[in-house]
Amino acid sequence: MTLVAKCNYMGKSLKTFFLIIVLFYSCSKKTDSRQSLVGTWNWTVQFYDNPIHFTTPQSTGIQEKLIFDANGGYSVMQNGTIINSGTYGNVDISNKFSDACGNIVSVLFYSNTRIKDSTIFYLIQSNNDSLIISTYGNCYSNVHSKHYYRQ
């Protein structure tokens with residue numbers, strides 16, 4: 001085989017290899033961040049404008065649960081009564097970003113009887129056992145955020 005023939009054969013082999021990689025990647029199953037939300041979450045603390053201003057189940061007498069099902073439905077229960085329910089949108093990897101504090105934050109789209117097509121930001125930490133929700137997508141430490149733990 002001549003040098004030119006070897007180069008043509010190698011070029012075709014590389015093109016085939018890259019085509020297979022592209023097809024494999026484009027056909028692979030996309031991960032759905034929504035799966036990590038599925039389950040029951042118990043409210044632990046809510047922070048307001050300042051970290052020293054907060055409420056807890058103990059200070060309010062409210063036991064709140066946030067429940068996400070695998071079919072895109074959610075409900076909020078307080079003291080055993082559903083006070084809000086609706087649907088939440090499919091969240092994929094492209095809806096994540098890094099905030100100013102270096103947290104990887106996801107966007108959640110939701111609707112209910114009072115609100116249509118709205119968004120909130122969320123962060124899941126501690127081996128998927130801690131959920132932090134905020135209307136602001138920046139630095140989830142202790143400002144404008146509501147914290148839950150997985151039941």
Ranked packing of 130-136, 79-85, most packed first, by mean Cβ within 10 Å: 130-136, 79-85
Sorting check: for 102-111, 39-48, which peptide has the highest mean count of neighbouring beta carbons within 10 Å, and how do the rest follow? 39-48, 102-111
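For a quick check: sort Lys96, Lys116, Lys146 by the number of other beta carbons within 10 angstrom, fewest at the front.
Values: Lys96 13, Lys116 9, Lys146 21.
Sorted ascending by nearby Cβ count, the order is Lys116, Lys96, Lys146.
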Quick one: net charge of Ser145's neighbours, Cβ under 12 Å, K/R +1, D/E -1? -1
Please compute the net charge surrounding Glu64, taking Lys and Arg as +1 and Asp and Glu as -1 over other residues with Cβ under 15 Å from its Cβ. +3
Along the Cα-to-Cβ line of Thr55, 7 Å from the Cα, sits a label point; which residues in the stretch 102-136 have backbone N less than 17 Å from it? 133-135
Residue separation between Val45 and Asp99 times 0.36 nm, minus their alpha-carbon distance, gives in nm 17.3 nm
Diffing the stretch 42-59: the Karplus 3J(HN,Hα) column from phi (6.51, -1.76, 1.60, θ = phi - 60°), in whole Hz with x for Gly and Pro, holds 9, 5, 10, 6, 10, 9, 10, 4, 9, x, 7, 9, 8, 10, 9, x, 5, 7
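Readers should treat all values here as calculations from the given coordinates under stated rules, not as data from a laboratory. Owing to the predicted nature of the structure, the values given are computational and were not obtained by experimental measurement. In this analysis, Cβ positions are derived from the backbone assuming ideal geometry, glycine residues included, and neighbour counts consider all displayed protein chains.
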